[in-house]
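So the structure is just underneath, and the comments pick up after that.
The values are calculated or read from the model by the stated rules, or taken from the named source; none is laboratory data. Remember, it's a predicted structure, so these values are computed and weren't measured experimentally. Heads up, the Cβs are rebuilt from the backbone with ideal geometry, glycines too, and the neighbour counts pull from every protein chain shown. Heads up: the accessible areas ignore ligands, DNA and RNA and are worked out on the full protein's heavy atoms, side chains in. Shrake-Rupley method; radii C 1.70, N 1.55, O 1.52, S 1.80 Å.
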Amino acid sequence: MDGLSALRRIAFLLERSLAPTYRVKAFRTAALAIATLPADELATRIREHSLTELPGVGPKTAAVVEEAAGGVVPAYLADLEASAGPLDPAGADLRTRLRGDLHSHSDWSDGGSPIEEMAITGLELGHDYLALTDHSPRLTVAHGLTAKRLEKQLTLVAAMNRQLGDGFRLLSGIECDINEDGTLDQTDELLGRVDIVVGSVHSKLRADSATMTKRMLAGIENPYIDVLGHCTGRLVTGGRGTRPPSSFDAKKVFAACAERGVAVEINSRPERLDPPRALLKQAVAAGCLFSIDTDAHAPGQLDFQTYGAARAVECGVPEDRIVNTWPLETLLAWTTRDR
Ligand SMILES: [Zn+2]
Ligand SMILES: [Zn+2]
């Protein structure tokens with residue numbers, strides 16, 4: 001393992017265990033500094049112990065690179081690996097049959113890492129596909145992408161796929177706000193061009209049940225939506241505090257999802273775990289499709305999937321109704337079903 005791989009692996013393991021951002025950042029920044037260094041300069045600096053002269057490389061990160069260059073697993077990494085393993089063992093078996101992830105963010109909206117790093121991590125996790133679903137324009141707090149920026153991102157994703165080659169596909173996508181009036185927050189033209197549309201409610205979460213139901217049903221009726229994101233909007237733990245689930249007529253909402261072939265997301269983020277168990281079981285009974293997604297905002301969070309998988313197992317979600325167990329061609333035939 002070289003120094004760059006060791007730094008990236010450490011950052012990944014820290015991110016998936018929800019380490020503070022500043023700790024992760026030290027390793028991500030050092031990785032970037034090492035990656036852009038000419039090979040001969042890197043070798044010289046390792047030999048002369050002068051890596052710390054580089055901006056973004058400190059004593060701890062320099063030690064990791066030097067240990068890796070010496071042919072040993074860096075001590076800091078060895079410690080982290082000792083407690084690695086699946087985040088939720090109850091989801092580990094199902095996780096092996098998930099071929100991809102349909103909900104992730106890059107630093108184009110409110111994620112912490114460039115698109116390339118997210119894509120490469122998805123590939124390293126063994127996925128066949130990963131959908132990049134940055135936020136839509138109205139979510140300004142999360143730097144939602146305007147139509148113009150999304151256009152630009154689509155060009156970049158296409159170029160990246162040419163580099164990534166066969167065997168892994170970075171799917172284009174959007175996490176599109178379901179507006180208060182039930183419309184989707186992006187032009188139909190662009191919604192028709194991306195591979196995956198996750199539709200989510202991000203505002204007025206405390207609206208009364210009738211209002212929320214009407215809003216969600218209108219979103220689900222939209223021909224471009226593929227996945228209904230974190231349907232209750234609840235937060236059960238974490239830095240943003242807690243938030244109760246939104247109230248809506250679950251019977252009507254899940255019946256509409258089943259009827260329209262819209263997948264109900266099983267959001268794997270530990271602070272969301274959305275939908276709650278009772279609602280998830282109700283969606284199973286209603287005949288819905290499901291998508292087990294990470295909603296990752298950093299590469300290491302792409303490993304959250306075992307949390308969602310464990311929930312799916314616990315609530316009896318049939319595997320053939322989990323869209324991300326499907327091969328890519330089947331998945332894409334589904335997302336383009338009624339556009
Ligand atoms: Zn969201
Ligand atoms: Zn999201």
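Only sites in a loop by DSSP and with at most 11 other Cβ atoms within 10 Å count here; which trypsin sites (Lys or Arg not before Pro) in the range 82-132 make the cut? Sites meeting the loop and neighbour criteria: R97. Using only alpha-carbon positions in the range 197-323, the gyration tensor eigenvalues give semi-axes of 20, 18, 13 Å once each is multiplied by 5 and square-rooted (largest first). Short-range pairs are left out: with C-alpha atoms under 8 Å and at least six residues apart, the relative contact order of the range 197-321 is 23 percent.
Here is how the number arises for the chain: DSSP H runs of 4 or more residues each give -39500 (n - 2.57), the sum is divided by the residue count, and the result at 222 nm is -13000 deg cm²/dmol. Let a ≥ b ≥ c be the square roots of the eigenvalues of the Cα gyration tensor of the range 103-230; is it rounded (a/c under 1.5), or, if not, prolate (a/b larger than b/c) or oblate? In terms of gyration-tensor shape, prolate. Cα extents for the range 100-143 along the principal axes, largest to smallest and rounded to whole angstrom: 33, 17, 9. Put simply, when 2-15, 31-44 are sorted by average Cβ atoms within 10 angstrom per residue, most first, you get 2-15, 31-44. Compactness check for the range 1-107: Cα Rg over 2.2 N^0.38 Å is 1.21. Here the dipole of the range 89-187 is about 300 debye; that uses its Cα centre as origin and unit charges on the Cβ of Lys and Arg (positive) and Asp and Glu (negative). Full extension of the chain between V72 and R23 gives 15.4 nm of extra length, using 0.36 nm per residue less the Cα-Cα distance.
Taking the longest Cα principal axis of the chain as reference, the axis of helix 209-221 is set at about 80 degrees. When each of the peptides 17-24, 262-269 is scored by the mean number of other C-beta atoms lying within 10 Å of its residues, the order from highest to lowest reads 262-269, 17-24. With a 1.4 Å probe and all protein chains left in place, how much of the accessible area of the chain comes from carbon and sulfur atoms, in whole percent? Carbon-and-sulfur percentage of accessible area, whole number: 56.
Counting only protein heavy atoms and a 1.4 Å probe, the chain has 42 square angstrom of accessible area per residue. Spin-label pair A278-D208: with each label point 7 Å from Cα along the Cα-Cβ axis, the two points sit 2.2 nm from one another. Peptides 171-178, 183-190, 62-69 ranked from most to least packed give 171-178, 62-69, 183-190, packing being the mean of other C-beta atoms within 10 angstrom over each peptide's residues. Shown here are the Rg and Dmax of the Cα trace of the chain, at 20.8, 69 Å.
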